[in-house]
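Trainee: Shown below is the structure under consideration.
The values are calculated or read from the model by the stated rules, or taken from the named source; none is laboratory data. No experiment lies behind these values; they were computed from the predicted model shown. Ideal geometry is used to build each Cβ from the backbone, glycine not excepted, and the neighbour counts take in all protein chains shown.
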Amino acid sequence: MGKGSWLSDPGSFIIKPFKSSEEYLYAMKEDLAEWLRDLYDVDIDVNNIVESLETGAMLCSHANNVTRVAGEFIQKYGMVRQVPLPTSGVSFVNSAQPSTFLARDNVSNFITWCRKQMDIKDVLMFETDDLVLRKNEKNFVLCLLEVARRASRFGMAAPVLIQLEQEIEEEIREGLEPPPEETPPDAKHQRHTSNTQNLDEMVRHLISQCTCPTQFPMVKLSEGKYRVGDSSTLIFVRILRNHVMVRVGGGWDTLEHYLDKHDPCRCTSISELLLPGTNELGIMYYYIMTKHILKGTCPSCCF
Ligand SMILES: [Zn+2]
């Protein structure tokens, strides 16, 4: 896809190779691919990341590298109770071919390492077939991201998405007030927010597509921080390459998909019910829509 074309002209959407519900996964794969490429100087991108990792060899090699970095951390600081630190790596066959027993074995060893050494819970784990047979790329991607998240706590370089999480967590923890607009940002601020001048523009563009009688409320509180729906819902929004990402609970979504689920006019299950005139479904639609505009929740949950 035309990287950056949306950034340079938020008014014109490019044709995307995915539904809005799949974009967050694409964004994560893109981020992980770039991170692995920089870490290990390998020819890997969003289009070949799964093929590159499906033999399990690079995953196991990564596990051993994470273990090595953890070892350096332990030498320096000793064992830290709050952070699970891997103390042993994994054995693997580097020459394993895709879809073979050796590939399955490598992937299985990586999974065991994630469980035993990184203490990753089952809810964030993937199964061998999720990767080897491509049964569930999402589970695999989320697990790889979790490994990166944990390893960043003891010194591994982190993907940009994890850095953004840390930035948001820091902002929440410190209750930082934003600097005035005219204040030059400090070095730390520049780390990820060099494109924030586009962020609000992109957010406003997405919001402007709302066709509700009263526009779905999304009010900017500070850079990358918005109030949606009623006053209690705060969301953090960040740009990840050419995706507008929103931090939701412990995970990420794209803002577009988030709005598809929360802005009443974009919830297809309800808009399909909009019939002309004043029949009962029409009245119900307006009743639910008004209620959910005020609450900032998705009316599709009512059906
Ligand atoms: Zn709307």
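Trainee: Has the stretch 59-72 got any residue that is of a type in the set (D, E, K, R) and either farther than 26 Å from GLN163 by Cβ or in a loop (DSSP other than H, G, I, E, B) (or both)?
Mentor: no
Trainee: Are there any pairs with C-beta distances below 6 angstrom linking a residue in the stretch 23-40 that is closer than 15 Å to VAL66 by Cβ to a residue that is in a helix (DSSP H, G or I) and modelled with pLDDT of 95 or more, with the two at least 6 apart or on different chains, and if so which?
Mentor: Short answer, once both residue conditions are applied: LEU32/LEU144.
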